[in-house]
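The values are calculated or read from the model by the stated rules, or taken from the named source; none is laboratory data. Note that the coordinates shown come from a computational prediction; the quantities given were computed from them, not determined experimentally. Note that each Cβ is placed from the backbone with ideal geometry, even for glycine, and that neighbours are counted across all protein chains shown. Please note that ligands, DNA and RNA were not included when accessible areas were found on the heavy atoms of the full protein model with its side chains. Shrake-Rupley method; radii C 1.70, N 1.55, O 1.52, S 1.80 Å.
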There are 2 protein chains.
Amino acid sequence: MTTESHSLMKEIDQVDSMVKWLASFGQSDSGGVNRLLYSPSWVQAQHALENKMKSYGFITHFDSVGNLFGKLQGSTPNTKTILTGSHIDSVLNGGIYDGVYGIIASLLAVKKLHETYGTPKKSIEVVSLCEEEGSRFPLTFWGSGNITGKYTLEDIEGIKDTDGVLFSEAMKNAGFDPVQYSSPQRNDIDCFIELHVEQGIVLEKKGSSIGTVSHIVGQRRYTVTITGESNHAGTTPMPYRKDALATAGHFISYISEKAIQTDPQLVATVGKINASPNVPNVIAGEAQFTLDVRHFKEDVLDEFCDHLANYFKQVAQKREMEITIDQWMNVQAVKMDPSLTELSKLAATEKNITFEPLISGAGHDAQVFGTFCPTSLLFVPSEKGISHSPKESTKKEDLEKGIELLTELLYRLAY
Amino acid sequence: MTTESHSLMKEIDQVDSMVKWLASFGQSDSGGVNRLLYSPSWVQAQHALENKMKSYGFITHFDSVGNLFGKLQGSTPNTKTILTGSHIDSVLNGGIYDGVYGIIASLLAVKKLHETYGTPKKSIEVVSLCEEEGSRFPLTFWGSGNITGKYTLEDIEGIKDTDGVLFSEAMKNAGFDPVQYSSPQRNDIDCFIELHVEQGIVLEKKGSSIGTVSHIVGQRRYTVTITGESNHAGTTPMPYRKDALATAGHFISYISEKAIQTDPQLVATVGKINASPNVPNVIAGEAQFTLDVRHFKEDVLDEFCDHLANYFKQVAQKREMEITIDQWMNVQAVKMDPSLTELSKLAATEKNITFEPLISGAGHDAQVFGTFCPTSLLFVPSEKGISHSPKESTKKEDLEKGIELLTELLYRLAY
């Protein structure tokens, strides 16, 4: 049995206007949104959402770090709850769909299910997670990290924002005084379902409305420093040079070529480079670049990164230069729950919604839940792949398909 | 007939101490020298040199921009003068041999010739050129440019140093009031001979004491800007990327490889690079780098630079990126006088001084004189090729060989 698409379509027309309503809390001059954790716009948005939840008949509460829950109580006693939602915080001048879409979609889906089918067997909770981006404080996943017990108050000790405001002070000012902190860890979660904008271009390129995510990638980040010899650009013949930037150029070019050859799911990026002295007529004595490598399999990451390190060292040795490769990030890949992923695909197929199995190359709250409880991550397309920008957008039709699928999935899980 | 090496050697032992004496005017904390055009240390150095010239019996004068001449009058009437010397100004915290060595060597050579052989047939003048480096004002070769009539007072109109001091004001303060300017152009120069430190590593690598320079290279400089698409480093598969930095890396690597293949005398340098937004986890939407290409043949420069431009455009088009190639410097190659170069080689051979025919990859006053009168440029080695640095050094033995050869050359030309 499926939900009735026709009547549902009328309701979910609301999604676009509701996203825009939430975007009004912290709207930026350029049409984006600034809603940093515990800021006034964040406080307003969470309280506006709480009121909305109440108006839908949900039982609401904030946990001690500011995660907002709206519950539709199930009829079966002692069952765990189905959690669905995403994060309310934004990056600086971010897009209006990132995070928020997942919250609005969850709200509308649960409201519709309640209106159409009444009380579910299992409880469903919509969650507006307080923080994911790490945009205000140098710490990410504060919301999901607290619910899953990965963070406690100790993790924010001494952490300040760029204005020097302590994390704990910001919490207190937003109405969540650390003095009253009690662990928000939940032990009653059946599963977590997150619907999010893709923030990439694959779905648009494939012409699909939904991405069914099987894995969230592991990430390795490095800083590579090459030390050669700074010298006169005119008087040093090519064979006598130890040109750090020429060698960096070779490596950067090699990284792209090798990544393409290695695996279609592998991405490797050199986003940042600095040369020294960085003057047109002086051979660079030092060049430093970052390397960001992502894949969903640890062995592929290991092999690729080891290969690069060996190649870099060999070339540097041959060219008589020094090289250091400093790893500063290592995030493990997380697998989404295969049976939930299968259920999504089945539901999409039955509802004639086009979908594409995907790997998420970006981090999401689902990766924190993924090692804690069965978790599913679903994407809708991002126009031109743009995200973290006021230009972020998703076609209304795709926003609707996302809600339709989420409603169907929740129906199958809770009723 | 050659000069008598034995007695000469005693005299030229002075060279090292005289270089260090001149370095005392503007000595930097790190053992280098700061002697910017028209600065107090520059004024002191020129006047100290004038006194030294007088003590050697030379007839001295300053021209109206501050070039200092010390003349040994020849016996033959109505003959042109043989000019020898180099520049007195330094870069910021520069080496103590750059420029100065050529002046000291000329002084000691002419003094010795006078003492040994008396009055020459042709007049010889030692010149301490006021400016070559362009370190204080954005203008180079002010000294040689005035003597050869390439510059007049108009060329410095409105030009200021980084402290906002006008060029004309600095001139006036140093004792060369522009109001009293009369063109320092000389029409009585027979030839110009410049002895200079190599500022490169070729002579040291070859184990030679002298470089006989046949050409000073032409220089082309460009800024290359690649515009791709800034995107998420995690969610953008490799084939969908327009990574400006990866493409820049490919070009930088290609430039080096192609330069090595093209011609042993060709040098091509990417010394400066900037990427945007220059963040580890964002694909660079723009990358900009400089390109400095040098060779002594215009057709080699043309062909190489055209090839690169075509290759860059082809690759950019294939990768669907924009590219602009902006040329901002084009200095023509200058040939030194072949008969003077031959005379130097002959003299070196007869005096058992090891020499190496060279192309100068750096600019020198000799390139300004080179299109004005027969000109010769001779090098002594720079230890480890280091220059424009307090670490700049030349072995005493090589300093002496340089003076020995210059003395012989002047003898053959003037006596």
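In this Cβ point-charge picture (+1 for Lys and Arg, -1 for Asp and Glu), the stretch A:218-331 has a dipole of about 240 debye about its Cα centre.
For chain B, the longest principal axis of the alpha carbon atoms and the long axis of helix B:14-23 meet at an angle near 60°. Projecting the Cα positions of A:GLN332, B:VAL165, A:LEU343 onto the charge dipole of the protein assembly as shown (unit charges on Cβ atoms of Lys, Arg, Asp and Glu, taken about the Cα centre) puts A:LEU343 furthest along the positive direction.
Relative contact order of chain B, taken over Cα pairs closer than 8 Å and 6 or more residues apart, is 23 percent.
Cα-based Rg of the stretch A:222-324 per 2.2 N^0.38 Å, rounded to two decimals?
Working: Rg = 14.6 Å, N = 103, 2.2 N^0.38 = 12.8 Å.
It is 1.14.
When chain B is treated as a GNM with alpha-carbon contacts under 10 Å, the residue of B:TRP328, B:TRP142, B:TRP42 showing the greatest mean-square fluctuation is B:TRP328.
Sorted from shortest, what are the nm distances separating the label point of A:THR76 from equivalent points in the other copies, each placed 7 Å from Cα along Cα to C-beta? The projected label point of A:THR76 is separated from its counterparts by 11.6 nm. The angle between the Cα long axis of helix B:298-318 and the longest principal axis of the Cα atoms of chain B comes to about 20 degrees, rounded to the nearest 10.
Taking every Cα-Cα distance in the protein assembly as shown and sorting them into 10 Å bins starting at zero, the pair-distance distribution P(r) comes out as 2, 12, 18, 16, 12, 10, 10, 8, 6, 3, 1, 0, 0 percent.
Beyond a 25 Å Cα-Cα separation, which of these cross-linked pairs lie in this structure: A:LYS335/B:LYS318; A:LYS80/A:LYS297; B:LYS258/B:LYS318; A:LYS52/A:LYS112; B:LYS150/B:LYS395; A:LYS272/B:LYS384? Result: A:LYS335/B:LYS318; A:LYS80/A:LYS297; B:LYS150/B:LYS395; A:LYS272/B:LYS384 exceed 25 Å.
Which whole-number percent gives the relative contact order of the stretch B:218-331, counting Cα pairs below 8 Å spaced six or more residues apart?
Working: 212 pairs, mean separation 50.9, N = 114.
For the stretch B:218-331, the relative contact order is 45 percent.
Accessible area per residue, 1.4 Å probe, Å², for chain B: what's the number?
On the way: 15970 Å² over 415 residues.
Each residue of chain B exposes 38 Å² on average to a 1.4 Å probe.
Just want the answer: with Cβ charges of +1 for Lys and Arg and -1 for Asp and Glu, which residue in B:VAL279, B:PRO184, B:TYR240 is farthest toward the dipole's positive end in the protein assembly as shown? In the protein assembly as shown, that residue is B:TYR240. In this simple spin-label model, placing a label point 7 Å from the Cα along the Cα-to-Cβ direction at both B:LYS313 and A:SER30 gives a separation of 3.3 nm.
Placing unit charges on the Cβ atoms of the charged side chains and taking the dipole of chain B about its Cα centre, the candidate lying farthest along the positive direction among B:SER30, B:THR116, B:TYR101 is B:THR116. Over the protein assembly as shown, dividing the summed -39,500 (n - 2.57) contributions of all DSSP H runs of at least 4 residues by the number of residues returns a 222 nm mean residue ellipticity of -11000 deg cm²/dmol.
Structural descriptor for the stretch B:13-128: relative contact order 32 percent, calculated from alpha carbon pairs under 8 angstrom and at least 6 residues apart. Directionally averaged projected area (the stretch B:1-144, Cα convex hull): 9.0 nm². Under a model in which nothing but the beta-carbon of Lys, Arg (+1) and Asp, Glu (-1) is charged, chain A shows a dipole of about 400 debye around its Cα centre.
Given the options B:ASP163, B:ASP299, B:ASP190, which has the most mean-square fluctuation in a GNM of chain B, springs set between C-alpha atoms less than 10 angstrom apart? Looking only at B:ASP163, B:ASP299, B:ASP190, the largest GNM fluctuation is found for B:ASP163.
Roughly to the nearest percent, how much of the accessible area of chain B is carbon and sulfur, given a 1.4 Å probe? Could the numbers behind the result be given before it?
On the way: 7620 of 15970 Å².
Carbon and sulfur atoms account for 48 percent of the accessible area of chain B.
Between the stretch A:36-76 and the stretch B:279-298, the alpha-carbon centres lie 51 Å apart. Comparing B:SER253, B:SER24, B:SER183 in a Gaussian network model of chain B (Cα springs below 10 Å), the most mobile by mean-square fluctuation is B:SER253.
Which residues make up the longest stretch of chain A that has no GluC sites (Glu not before Pro) in a DSSP loop with at most 11 other Cβ atoms within 10 Å?
Working: sites that count: A:GLU4, A:GLU157, A:GLU320.
It runs A:158-319.
Counting only alpha carbon atoms, the long axis of helix A:396-414 and the longest principal axis of chain A meet at about 60°. For chain B, the pair-distance distribution built from all alpha carbon pairs, in bins 10 Å wide starting at 0, is 5, 21, 28, 23, 13, 7, 3, 1, 0 percent.
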